[in-house]
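See structure below.
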Amino acid sequence: NTLNAGLGAARNWAVAGFSYGGTCALQMAVNFPDVYPTFIDISGENMPTIPAGHQALLNSYFHGDAAAFARQNPLDVFKTGHFPATAGIITVGAADSFYKPQGEQVYAAAKAAGLNVTLQTLPGSHIWQAWRPGLQNNLDWLMQRYDVTP
């Protein structure tokens, strides 16, 4: 028997990440739902950022074009996109006063957009103590999302 993960259909693809990686995972799932219909956003942000600030991000990556940023920013894409096959898990640390409200905002926007999404609050703050169970506790769910029939 072989698992055939990644070979049978788009349902075999998922994306997950911690912190900035969680933000990226969400971006990939929202902007390419046919490719990444499954995601786990572990303590991610409510939008892509860089340390130099939002205007620097716009200037560096979008030629100063705020509309171009909005076309790929998940919270904006949720307003007009369609995600009938997308499912995700968003996890936040219970003691994470900075990223937890952002994760809750992402969850509310995803839910309003019709995504099959779950919010999980885990012990800890913005550290591995909260990140590890965000992935480890959801591996069974992830495997159930895969189409692994031969």
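Set side by side, the residues Gln27, Gln105, Gln55 differ, and just one is polar (S, T, N, Q), assigned to a helix (DSSP H, G or I), open to solvent by 70 Å² or more (accessible area, probe 1.4 Å) and within 26 Å of Arg145 (Cβ to Cβ), which is Gln105.
Summed over the range 66-100, residues that are assigned to a loop (DSSP other than H, G, I, E, B) and either under 26 Å from Val35 (Cα atoms) or touching a residue at least 60 places away in the same chain (Cβ under 8 Å) (or both) total 10. Specify the residue that is farthest from Ser19 (Cα to Cα); the eligible residues are those in the range 108-131 that are at pLDDT below 90 and open to solvent by 80 Å² or more (accessible area, probe 1.4 Å). Looking at residues that are at pLDDT below 90 and open to solvent by 80 Å² or more (accessible area, probe 1.4 Å), I get Gln129.
The values are calculated or read from the model by the stated rules, or taken from the named source; none is laboratory data. Because the structure is predicted, anything quoted here is derived from the model rather than measured. With ideal geometry, Cβ positions are generated from the backbone for all residues, glycine too; neighbour counts draw on all protein chains shown. The area values use the complete protein model at the heavy-atom level, side chains included, leaving out ligands, DNA and RNA. Shrake-Rupley method; radii C 1.70, N 1.55, O 1.52, S 1.80 Å.
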